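The values are calculated or read from the model by the stated rules, or taken from the named source; none is laboratory data. Since the model is a prediction, treat every value here as computed from it, not as a measurement. Using ideal geometry, Cβ is built from the backbone for each residue, glycine included, and neighbour counts are taken over all protein chains shown.
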C-alpha cells in the first residue's frame with residue numbers, strides 16, 4: 001500500500017510543481033494577513049507570540065482546505081481508495097510544509113519576532129502541519145461533488161480542526177517565548193491527533209470515496 | 001449491497017406510548033423536585049436550580065452524539081438503513097438539546113457571571129460542537145442519494161465525536177470561569193448535598209426518557225420516509 005500511496009502523492013506533487021499557483025497564493029495570503037494584522041491591531045500587539053502564532057495557523061488552515069478540485073481527478077486513478085486518501089494526505093502535508101516554511105519565515109521577518117527555541121519551533125510547526133491534512137482530506141472527500149461544497153468544507157473542517165489549531169498555536173507561542181516543556185507537550189498532542197485521524201481516515205474514508 | 005426494506009416487527013410503535021407517558025410523568029416529578037424539594041444553594045440562591053435543566057441537557061447532548069457515532073459505525077459495518085435512521089434522529093435531537101444547553105447556560109451565566117456569553121472554554125467548545133453537528137445535518141441535506149448520504153454522514157459522525165470529550169474535559173484543561181465537575185469528579189465523591197444529588201439524578205433519568213421517546217418517534221418517521229423513497233424509486 002505504501003507504494004500506491006507514494007504513487008498518488010508523487011502524481012499530486014508533480015501537478016503542484018507544474019502549476020505552483022496554489023503555493024504562491026498560500027504564501028501571499030499569509031503575508032497579506034500579517035501585514036493587515038500589523039496595520040489593524042498595531043505592531044506591538046501583532047508581535048505578541050500568541051497573536052502571531054494564532055494568525056499563522058488560522059491562515060494556514062483557511063488557505064488549503066478549500067482546494068478540493070484536485071481530488072476529482074484522483075478518484076479516476078487506479079489503486080485502492082485507502083491509497084488515494086493516504087497519497088492525498090501525504091502530498092498535502094508536503095505542500096503545507098513548504099507553505100509553512102516560507103510563510104513562517106516571512107512572518108518572522110515581517111513581525112521581527114525573536115525565536116527563543118528554534119528547534120522546538122521546527123518540531124511544533126512540522127507536527128502541526130502533519131496534523132491538519134487528514135481532517136482536510138476527510139472533509140474534502142465528504143463534500144466531493146456536492147452543491148455548495150466551497151462553503152461546506154470549512155463548515156465541516158474548521159470545527160474539527162479546533163483542537164489541532166489550538167495545540168499548534170499554543171505550541172508555537174511556547175517555542176517563541178522559550179517554554180520548552182510547553183512546546184513539546186503541545187507537539188505531542190499534535191502528533192497524537194495526526195496519528196489518530198490518519199488511522200481513522202485510512203479505515204473509514206475509503207468507504208466514502210465513490 | 002444495501003438492504004432496501006424497513007425492518008419488520010420493530011417494537012418501536014408498541015412501546016412509544018408507554019415511553020411517552022413515562023417521560024412526561026418523570027419530567028413532571030423531576031421539575032417538581034427541582035423547584036420545590038431541592039434545598040436552596042447557600043452561595044447561588046435559587047438561581048442554581050437551572051442546574052437541574054442545564055446538566056441533563058448537557059448529558060443528553062453528549063449521549064445523542066455518542067449514539068450518532070455508534071450508529072455511524074454500525075451503518076458502515078452492516079449497511080442497514082435502521083442505523084442511518086438512528087444516526088439522523090439522534091443528530092437532530094442532539095442539535096436541539098445542545099442549543100437548549102447553550103441557552104440554559106446563558107440564562108444561568110447572566111445572574112452568576114454578569115454576562116450572557118463569555119469566551120470561556122466550555123462555552124466555546126460547546127458552541128463548536130453545536131456548529132459541527134449543524135454541519136453534519138447540512139452534509140446530509142446536500143446529499144441526494146440515500147446510500148452515499150448515509151455513508152458520508154457516517155464518516156463525519158465518527159470524526160466529529162472527538163469533540164464530546166473535549167467539551168466535557170475543557171474545564172479541566174484550561175483556566176476556566178465555568179465550575180469544575182461536581183458529580184463525576186476525579187477525586188472524591190460528588191460535591192452535592194444528598195437531596196440535590198437525588199434531584200439531579202431524577203432529572204437525568206427524566207430527560208433521558210424524553211430523549212428515548214423523541215428517538216423512537218423520529219426513528220419511526222425516518223424509516224417511513226426511507227420506505228416512501230424506495231417505493232417511489
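Points to keep in mind about this one:
- Any hit, segment B:39-48, residues being surrounded by 20 or more Cβ atoms within 10 Å (Cβ to Cβ), in contact with a helix residue (DSSP H, G or I) (Cβ under 9 Å, 6 or more places away or on another chain) and not in a helix (DSSP H, G or I): no
- Selected residue (criterion: farthest from residue B:163 (Cα to Cα)) from residues of segment A:135-150 that are within 9 Å of chain B (Cβ to nearest Cβ) and either at pLDDT 85 or above or part of a helix (DSSP H, G or I) (or both): A:149
- Inside segment A:33-50, residues that are over 18 Å from the mean Cα position of the chain (by Cα) and within 18 Å of residue A:105 (Cβ to Cβ) make up a count of 6.
- Qualifying residues in segment B:109-157 (those that are in a helix (DSSP H, G or I) and out of contact with any helix residue (DSSP H, G or I) (no Cβ under 7 Å at 6 or more places or on another chain)) - the one farthest from the other protein chains (Cβ to nearest Cβ): B:110
- Scanning segment A:179-193 for residues that are within 13 Å of another protein chain (Cβ to nearest Cβ) and surrounded by 21 or more Cβ atoms within 10 Å (Cβ to Cβ) gives A:186, A:193.
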